[in-house]
1. Only residues that are of a type in the set (Phe, Trp, Tyr) and open to solvent by less than 10 Å² (accessible area, probe 1.4 Å): list them for region 373-398, please.
2. Any idea how many residues of region 447-482 are more than 15 Å from GLU432 (Cα to Cα) and open to solvent by less than 40 Å² (accessible area, probe 1.4 Å)?
3. Which of the following residues is within 30 Å of ALA396 (Cα to Cα) and of a type outside the set (Phe, Trp, Tyr): GLY451, GLY422, GLY431?
4. Looking only at region 145-156, decide whether some residue is among the acidic types (Asp, Glu) and either in a helix (DSSP H, G or I) or over 19 Å from VAL218 (Cα atoms) (or both).
5. Assigned to a loop (DSSP other than H, G, I, E, B), of a type outside the set (Val, Ile, Thr) and free of Cβ contacts under 8 Å to residues at least 12 places away in the same chain - does that describe any residue in region 398-415?
6. What's the number of the only condition in (1) open to solvent by 60 Å² or more (accessible area, probe 1.4 Å); (2) within 29 Å of GLY238 (Cα to Cα); (3) touching a residue at least 40 places away in the same chain (Cβ under 8 Å) that GLU432 fails to meet?
7. Which one is modelled with the highest pLDDT among residues in region 462-510 that are part of a loop (DSSP other than H, G, I, E, B) and closer than 26 Å to ARG104 by Cα?
8. Go through region 207-231 and give me each residue that's touching a Lys or Arg at 6+ places or on another chain (Cβ under 9 Å) and assigned to a helix (DSSP H, G or I).
Amino acid sequence: MKTILCLLSVVVTFSLVAAEPATTNAPAAEKSPVGKIPDATHQPVFTTNTVTIAGQRVTYVAETGMLPILKADGTSRASVFYVAYTRLAEKSDGGNRKSEMSKRPVTFCFNGGPGSSSVWLHLGALGPRRVEMNPNGTLPPPPFQLVDNDYSILNASDLVFIDPVATGFSRAAKDEKADQFFGDSADLDSVGEFIRLWTTRHERWLSPKYLCGESYGVFRAAGLSDYLRSRYGMYLNGLILVSGVLDFATINDRPGNDLPYPLYLPAYTAVAQFHHKLPPDLQTNLPGALAEARTFARGEYVSALQQGAMLSAAEHQKVAAELVRLTGLSPQVIEDNNLRIDEGVFRKQLLHDQGLILGAYDARITGRDDDPASPYPDFDPSYAATLGPFAAAMNAYVRDDLKFEDDLPYEIIAGVQPWNYGSPNNYPSAGEKLASAMNQNPYMRVLVLGGRCDLVCPIDTVRYALNHMALDDAYRTNITYAEFAAGHMMYVNLPDLKKMQQVIETFVKP
């Protein structure tokens, strides 16, 4: 019983700086004074602010507005809400401004769902303001707060946060049906058109360009890398893939598909170690425990599952004992589930004797079990820990600090189902599109970030998908990985946020 996808980001209030009129890369005709309430056409609003990142003062312009998704005849079929941050140069050498901007990277950011706004990456990890969580990522007491994000990547790259149609303030145009945007190819078309138009209006075609997607946003980013190349001739410098899925066969355990069980096993081992449920030799050696889990998963475990009913009693007993050792679950739970432990069973059973359930997005975080007799958890404690702080922060930030007004609700998570994946008889996969983009653009690099305690999209699932792409061996060195201690939104854990900033900054720097 899989929990499918979503998520996240943060923000905070800052003071306006007394500065000269900001030099932005927005069209002159669209500029509006700081604090102006947008009219019905939603002209963008500009504010100038500062933040200190890694001890360095960064002055930037925040541009908040709506951009149309255009039809072939030039009329609008939707309006997409975005927040873009552009760093202002401390000093100009007096040279050509376009030449200066062409050296500055820009990263387009979005979350997943499908149906999630970009608030999680925005206010949780990358933007200049972030939600203040407890240092370990657990829920702080309300009222919630925004703080300056000392670990933003705005020092290294300009940022554009995109809310796909139906999320945030983004809406289909009058007389247009919203569900026309609810599908894989339609999503690539609309988000791709946004990126093209924003890049054109802001004269950034010659800038280094990156995509950063989380969760289903990884699926979107992989597809966009090929869509932007083939549709507009836009070649990307890199993708930042955060806690995502590339092939749904790796995360959807259904009768006849045993693939997810071995791929989830290392995550179960990491979580069991965090909760002190492993035997002593594994409990004191997490790297060794993970190595053992991965070796077993790729070998004996896969072989046992493939045999199905042909598995001998002796082999069954041996595999069951190793699963007990690596998961911290009781032998009875392993037997009751025929060696196949999905994330819902694991979340329910690991701390069942304590009356606790685990989070799906972050299994470090626990909650009280509302119904001990039910087979699966009734809620996700890790999602409950983030929703309130992020919703409050975004609703305050967009109006109070960004000076953008709209009476529509800001949709943190929107209902966009059913989602058309275009492959009703197959598990959706974006691997072929990503391989196509990398094979035709051998300079495009891929950074994969994953949390060890993520039970929605464990990092071993995306690693498997990448290892099975039809990719030229010469380009596999373009893929790098970084693992973190927390879960899906590893950035809510302060030590992981610090590490994430360093890893991404290194990745996007020329």
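The values are calculated or read from the model by the stated rules, or taken from the named source; none is laboratory data. Predicted model, so just to flag it, every value in this text is computed and none were measured. Heads up, the Cβs are rebuilt from the backbone with ideal geometry, glycines too, and the neighbour counts pull from every protein chain shown. Side chains are part of the model used for accessible areas, which takes the heavy atoms of the whole protein and leaves out ligands, DNA and RNA. Shrake-Rupley method; radii C 1.70, N 1.55, O 1.52, S 1.80 Å.
1. Of everything in region 373-398, those that are of a type in the set (Phe, Trp, Tyr) and open to solvent by less than 10 Å² (accessible area, probe 1.4 Å) turn out to be PHE390, TYR397.
2. Total satisfying the criteria: 17.
3. When all the criteria are applied, what remains is GLY451.
4. Yes, that holds for at least one residue.
5. yes
6. All conditions pass for GLU432, except number (3).
7. Among those residues, the one meeting the criterion is LYS509.
8. Across region 207-231, the qualifying residues are ALA222, GLY223, LEU224, SER225, ASP226, TYR227, LEU228, ARG231.
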